Amino acid sequence: DGGITQSPKYLFRKEGQNVTLSCEQNLNHDAMYWYRQDPGQGLRLIYYSQIVNDFQKGDIAEGYSVSREKKESFPLTVTSAQKNPTAFYLCASSIGLNTEAFFGQGTRLTVV
Amino acid sequence: KNQVEQSPQSLIILEGKNCTLQCNYTVSPFSNLRWYKQDTGRGPVSLTIMTFSENTKSNGRYTATLDADTKQSSLHITASQLSDSASYICVVRDQTGANNLFFGTGTRLTVIP
């Protein structure tokens, strides 16, 4: 099936540790995105990538890093510098920047 | 400042009843507006997209309206079902070259039997 897959669904991390969230798509989309969702707030953009080997910071990039070595993959690393990492993380992809975004099922990260 | 505001914040209705969710935005210049449905713990799924020239668009029991003059949109759900229980998010895109999507905080709809 074509789609966008995030893994794992749930992730627990100790304070001070880095953790990487996976996002893979087989839709042949050029653009990929990472959003963070907190209760009572709209989705906030962390990073986005228009094309392989290129990515741009979003509104809340501090404490996060990404890579785009392959078209299909856009992993997000939550570093120890992120002060409040507990949240629901959503990955999305689209054909281009101004076309419909398709979302993955999300990863819930909890820092313990 | 570009903003998207949704109301009500939460809503509880009886199965079979209709309801209307509101979205007001200040995003300019406007490109399009989407309504997404997000089940708990899942990613959002697009229901409808409205461009500047469209006033109404339906997708099954979901009907979205757009008034670009007053910058308001609504999502009407007809004959609600238990499976309609979810958060409904209004998302507005502007016309700048950057990837500018503005998300509302959503309306949490609960349909009870």
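Quick one: of B:Lys17/B:Lys71; B:Lys37/B:Lys71; A:Lys9/B:Lys1; A:Lys71/B:Lys71, which pairs are farther than 25 Å apart, Cα to Cα? Display every interim value, and only then the final one.
Values: B:Lys17/B:Lys71 27 Å; B:Lys37/B:Lys71 21 Å; A:Lys9/B:Lys1 34 Å; A:Lys71/B:Lys71 37 Å.
In this structure, B:Lys17/B:Lys71; A:Lys9/B:Lys1; A:Lys71/B:Lys71 exceed 25 Å between Cα atoms.
If I measure Cβ to Cβ between cysteines in chain B, which ones have no partner under 4.7 Å?
B:Cys19 - these cysteines have no disulfide-compatible partner (Cβ-Cβ under 4.7 Å) in chain B.
Rounded to a whole number, what is D in µm²/s for segment A:3-49 from Stokes-Einstein with the Kirkwood radius over alpha-carbon pairs (20 °C, 1.002 mPa s)? Show your work: numbers first, answer last.
Numbers: Rh = 12.8 Å.
Here the translational diffusion coefficient equals 168 µm²/s.
Check A:Thr86: other-chain or 5+ apart residues with amide H under 5 Å from its amide H, H built from backbone geometry?
Long-range HN contacts for A:Thr86: A:Val111.
Report, as an integer, the average count of C-beta atoms from other chains found within 10 Å of each Cβ along B:35-45. The partial results should precede the final answer.
Details: counts 0, 3, 0, 5, 1, 0, 6, 7, 14, 9, 2.
The shielding value for this peptide is 4.
At 1.567 mPa s and 4 °C, plugging the Kirkwood radius over alpha-carbon pairs of chain B into Stokes-Einstein gives what diffusion coefficient in µm²/s? Intermediate results must be reported in sequence, preceding the final value.
Working: Rh = 14.1 Å.
For these conditions, the coefficient is 92 µm²/s.
Give me the aspartates and glutamates in straight-line cross-link reach of A:Lys14: C-alpha distance below 15 Å, same-chain residues under 8 apart excluded.
none
At a Cα cut-off below 17 Å, give the aspartates and glutamates reachable from A:Lys57, other chains included and same-chain residues fewer than 8 away excluded.
List returned: A:Asp30, A:Glu69.
Would you pull out the residues with amide H under 5 Å of A:Phe12's amide H, same chain only if 5 or more places away, H placed 1.01 Å from N?
Placed amide hydrogens put A:Thr110 under 5 Å from A:Phe12.
Determine, for B:Arg61, B:Arg108, the number of other Cβ atoms within 10 Å of each Cβ, and report the residues in order from fewest to most.
Numbers: B:Arg61 13, B:Arg108 16.
Ranking B:Arg61, B:Arg108 by Cβ neighbours within 10 Å, fewest first, gives B:Arg61, B:Arg108.
Could you check what % of the DSSP bridge pairs in chain B are antiparallel, to the nearest 5?
On the way: 40 of 45 bridges.
Taking every DSSP beta bridge with both residues in chain B, the antiparallel ones total about 90 percent.
In whole Å, what three semi-axes, largest first, describe the equivalent ellipsoid of chain A built from its Cα gyration tensor (square root of 5 times each eigenvalue)?
The three semi-axes for chain A are 22, 14, 13 Å.
Determine the shielding of peptide A:102-108 by partner chains: average, over its residues, the number of Cβ atoms on other chains within 10 angstrom of each Cβ. Write out the running numbers ahead of the final one.
Numbers: counts 4, 7, 2, 4, 5, 0, 1.
Mean partner-chain Cβ count within 10 Å for A:102-108: 3.
Sort A:78-85, B:51-58, A:46-53 by the packing proxy (mean of other Cβ within 10 Å over each peptide's residues), most packed first.
Working: A:78-85: 15.5, B:51-58: 12.1, A:46-53: 18.4.
Final packing ranking: A:46-53, A:78-85, B:51-58.
Computed from the mean reciprocal separation of all distinct C-alpha pairs, what Kirkwood hydrodynamic radius does the protein assembly as shown have, in Å?
Numbers: mean 1/r = 0.0553 Å⁻¹.
So the Kirkwood estimate lands at 18.1 Å.
For the peptides A:4-13, A:66-75, A:97-106, what is the packing order when you average, over each peptide's residues, the other Cβ atoms within 10 Å and list the highest mean first? It would help to have the intermediate numbers written out before the result.
Details: A:4-13: 15.0, A:66-75: 17.4, A:97-106: 19.3.
Peptide ranking by packing, descending: A:97-106, A:66-75, A:4-13.
The numbers here are math on the coordinates, done by the rules we state, and not lab data. Source: prediction; values computed, not measured. We place every Cβ from the backbone using ideal geometry, glycine too, and count neighbours over all the protein chains shown.
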